[in-house]
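The values are calculated or read from the model by the stated rules, or taken from the named source; none is laboratory data. Source: prediction; values computed, not measured. Cβ sites come from the backbone with ideal geometry, for glycine too, and all protein chains shown count toward neighbours. Just so you know, the surface numbers come from the protein's heavy atoms only, side chains and all, with ligands and any DNA or RNA stripped out. Shrake-Rupley method; radii C 1.70, N 1.55, O 1.52, S 1.80 Å.
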Amino acid sequence: MSHPNWKRVVIKVGSALISPNKQGCSSHYLLSIAQFIVRCRANGTQVVLVSSGSVAAGAHLFPDHEKSNIAVKKAMAAAGQTEMIATWDRLFDFPSAQMLLTHADLRDRERYVSIRETIFSLLEHNVLPIVNENDTVTTDKLKVGDNDNLSAMVAAAADADALIICSDIDGLYNRNPHDHDDAELLKEVDTIDASIYAMAGGAAEGGVGTGGMRTKIEAAEKAVSHGIDTYIINGFTELSFNMLLAGKNPGTHFSPYDKPMLENVHWMRHTSNAQGEVIVDGDFDSSLENDSEQLTSSEIVDVKGEFSVGDTILVRKADGTKLVKAKSNYSSCLLNFIANQENDDFASEFEDKTGPIISDQHVANLEKE
């Protein structure tokens, strides 16, 4: 690791750092983070800040917020967002910009590209993008759900060199350090597998956020596959940031892939959500990534869900084996109609005229899960 090589960094800050006591925003822990961002920019490194905390920051304005319904929590997010942005803005002597996103924005290719262009334009003009999920308008269907994964999606969209995820502990331990005195910190993780996820557990940190260590591992997996150095560090101590600036690893470092996924393939696999499924014959096992036109209606056993032309779909076998995620060139209604034709010549002739079922520009192979 060598900090001067970073051209662009994404840093993710959670609710526990923004509003530790749910009594509005506190700059207590944010000062060292802000100083880190200032020093990065002084070194020529561009920074994107992904900041949780709007709901926690606005909670004190709503009595009995612990018993709040969804509508009140959205109101808390709306009120807290302005306070959170104002708090960050006061810590900088350069302009910042608010970007509120939902998963619907990220999974739509056209909007995703627009987000990329906006980030690049802000950075080009030395404006600090501050990104958060738009909790005021999002629904269960449209939300990412945690800003750890959001930060990885933003890091990929921004073509970042490094993703820094702030935690309330020094990094990933082999056992929960809150429960086990002999827990050991993992300084380097070369491969994220089931054993790494097992170490992560499921407890949310700080009691005010939606992300625990597991979502941080999920985020790391998304980021490293895009070739992004990823760190989980203790965001509550200034030493972590000083070490990063000195080119040292203060927490857990996740090594990036030697051969990162192409940007559009990474988006398809890790950001775009499948709107439906196409079940194919059990013997079908072609490498669709190289030739998507191999998938024809004769191989289709079933079509699940409702999707439109241009939506992302999952292609899998009946036994559950996932083959690819891909952009569908057919609607579920039309695909059902074609697949149910007893005359194979009709389906073949139709496909010859209209093109392949899935788009070979947007295909992501999936490992067996």
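Structure notes:
- Any chance N340 is at pLDDT below 85 and surrounded by fewer than 21 Cβ atoms within 10 Å (Cβ to Cβ): yes
- Scanning segment 15-44 for residues that are in a loop (DSSP other than H, G, I, E, B) and either touching a Pro at 6+ places or on another chain (Cβ under 8 Å) or open to solvent by 10 Å² or more (accessible area, probe 1.4 Å) (or both) yields P20, N21, K22, Q23, C25, S26, S27, H28, Y29, N43, G44.
- Residues satisfying the criterion are present in segment 285-294 (criterion: modelled with pLDDT under 75, crowded, with 17+ Cβ neighbours inside 10 Å and farther than 30 Å from C166 by Cβ).
- Criterion violated by Q81 - all others in (1) surrounded by fewer than 18 Cβ atoms within 10 Å (Cβ to Cβ); (2) closer than 24 Å to S167 by Cβ; (3) of a type outside the set (A, V, I, L, M) satisfied: (1)
- Scanning segment 165-204 for residues that are among the polar types (S, T, N, Q) and modelled with pLDDT under 85 yields one hit, N176.
- Total residues in segment 130-174 satisfying the condition of being touching a residue at least 60 places away in the same chain (Cβ under 8 Å), assigned to a loop (DSSP other than H, G, I, E, B) and either over 17 Å from I192 (Cα atoms) or of a type in the set (V, I, T) (or both): the figure is 12.
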